[in-house]
Each structure stands twice: as structure tokens, then as C-alpha cells.
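First up is the structure itself, then whatever we jot down about it.
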Amino acid sequence: MQPLKQSTQELKEFIGRQAVQAATEEGGYPRLTVITPSFNQGEFLERTILSVLNQNYPNLEYIIIDGGSTDRSTEVIRKYEKYLAYWVSEKDKGQVHAINKGLARATGDWISFQNSDDVYFPGTFRKFAGSAARHPEAGILYGDLYLIDPEDEVTELLKTLPFNMVSQLAEGMQIHNQSLFFRRELVERYGDFDESYRFAFDYEFITRYLAHEGVTARRVEGLAGALRVHPDAKSSVIAGTGREEHRRIQEKYNFALPPKLPLKLLYIWSRIRKVVYLLSDIDYIMYRLAK
């Protein structure tokens, strides 16, 4: 686990230049659809696009759904148009509606989505492909989340744990979309993203999918994405609305919790579980000490 300074240098080099190679006919790679919902994030959008295309993943379908941006976003998208399977710029009903429009066009075996100000770390797609081959039973693959600032400086690592539904409901989001891959068949079986949620739609669909028997999530070391923290980011204004949406989801899926145990006790158990897990990870401890 490398220090933040080294992670910053690696990320800046990766998304700071166009290094897209022609698609090859390499076999054994599952078809991956990546969807980027976009609206007036022209300042960051090119770095998001390059974090996808510079993966040089040989079986990629990249879709961008722009909500009718009035900044330079469409200019940026057109710059990379030849690498895209589809893109559109038209008024929509917001982020979740845009992703659902992309889902309707997705043909990949697996799907990921990356917001227009967030990025993937180098090597993530091939690590995903390797894990998908090793774990054919998994419906969801996910990894760690970095936080970055507007200048691509890595400011923090949020280490993920093996998925646990009790922790998902009692403590909150265990999986972050910035490093999330899920099978398209889950959408076909259990539905699109719920557009009634503005902030917690990812928390809802992950909980909904994994509440079904037989659907499993696997944490993969090395899968990483980055959430960009800046004043205009949607995540920067989540506040009360997001908390209310989380409460609705917890109440809707509380059937997955152990009966007769108070939520507060389950929350405390989840926090202890996290501490024990992180303390058992020597690489993470050394990372924190060197931070």
C-alpha cells in the first residue's frame, strides 16, 4: 500500500495525458460497459474520460450521457468521440435518470459507472477482469476508495471491508460506486436504479441486489477509484436529504437484520468489526503510520 504522495504521482501521470491504444482482439476479457453521467463538469470531465480510456481495456463499451451541459463538456466529449460506443447531450431528469439511460443501452456482461468528476486508478479494469474470472459466483466486485482534491492530489484512502449486510444497514454504505462493478443480469432481474432517490440511489440498489439470495459481493484488493471533493460536487451538499434517504432504505430492508437486536447495538458491532479488520491489516497500519 503506497503513500499518498506516490498515489498522487501515479494518478496524475495516468490521467494527465492521452495514452489510448487501439483496441485489440485479446480473448478472455469480459465485456465491460462504463457509463458516465455528465452535467456541467467540463473542468474535470476530461480526466474522468482518460481514467477510463487509458485503462486500454480490450473489451470496453464506454457510454457518456450528458444532461445538456452549457459549459465545455460537449467539446471535451467530442474530442474522444471515436472511442465511445454512444454519447448524447440532452436535457434529462438528473444523475440517476442519466445512468438508467445508459443502462438501457449497455451490452456488457459487467457494468460500472463513474461520475464526471471522479476517476479510476490505473490497472483497475484488468484487475477487475482477473477477479471476474477467478470468482464466477460473484455478482458484484468492488475495491477501495481514494479521496482527491480538484488538482488530483490524493488526500485520503477509505479502506473497504468484506461485504456484510448487517453493517450495510446498521452503519451505512460499504461499497463505493467509484470502484464498483456489477453484472448486467442483476439489472435485468431486479430492476434499474430507483430515480426517487437523489443521493442514496447507489446505497439502495446495492442493498436491493444483495438482499436477494444467491447474490454475492466480493472485495478485490487493487480495485480503486477516487471521489473528487470540491465545492460543486453533489457529495458536498448531501446533508439532510441524504440522511433521510438512508433512513428510508434502512427501514425498507430491515428484514435482513437480526431480529430483536436494536439498530444502535448493531451499529456498535459494525464499528468494532471495522476496527478489528483494519488492525489485522499490517499494510494498512503501516500506511496510516507513514501518512
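The values are calculated or read from the model by the stated rules, or taken from the named source; none is laboratory data. Everything numeric in this text was worked out from a predicted model, so none of it was measured. All Cβ positions, even for glycine, are placed from backbone atoms using ideal geometry, and neighbour counts span all protein chains on display. The accessibility values were calculated without ligands, DNA or RNA, using every heavy atom of the protein model including side chains. Shrake-Rupley method; radii C 1.70, N 1.55, O 1.52, S 1.80 Å.
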Test: Phe163 is part of a loop (DSSP other than H, G, I, E, B), in contact with a His (Cβ under 9 Å, 6 or more places away or on another chain), in contact (Cβ under 8 Å) with a residue 12 or more places away in the chain and not aliphatic (A, V, I, L, M): no
Options Arg248, Arg243: the member that is modelled with pLDDT under 90, open to solvent by 50 Å² or more (accessible area, probe 1.4 Å), on the phi < 0 side of the Ramachandran plot and part of a helix (DSSP H, G or I): Arg243
Single residue of the stretch 265-283 satisfying the filter (farther than 19 Å from Glu221 by Cα and among the aliphatic types (A, V, I, L, M)) that is surrounded by the most Cβ atoms within 10 Å (Cβ to Cβ): Leu266
Breaking point among (1) closer than 18 Å to Gln178 by Cβ; (2) hydroxyl-bearing (Ser, Thr, Tyr); (3) open to solvent by 10 Å² or more (accessible area, probe 1.4 Å), for Ser7: (3)
Meets criteria (at pLDDT 95 or above, open to solvent by 70 Å² or more (accessible area, probe 1.4 Å) and either within 22 Å of Val154 (Cα to Cα) or assigned to a loop (DSSP other than H, G, I, E, B) (or both)) for Asp232: no
Residue count for the stretch 1-16, restricted to those that are in a loop (DSSP other than H, G, I, E, B) and modelled with pLDDT of 85 or more: 1
Residue identified as surrounded by fewer than 23 Cβ atoms within 10 Å (Cβ to Cβ) and either free of Cβ contacts under 8 Å to residues at least 24 places away in the same chain or among the aliphatic types (A, V, I, L, M) (or both) among Glu204, Glu195, Glu188, Glu137: Glu188
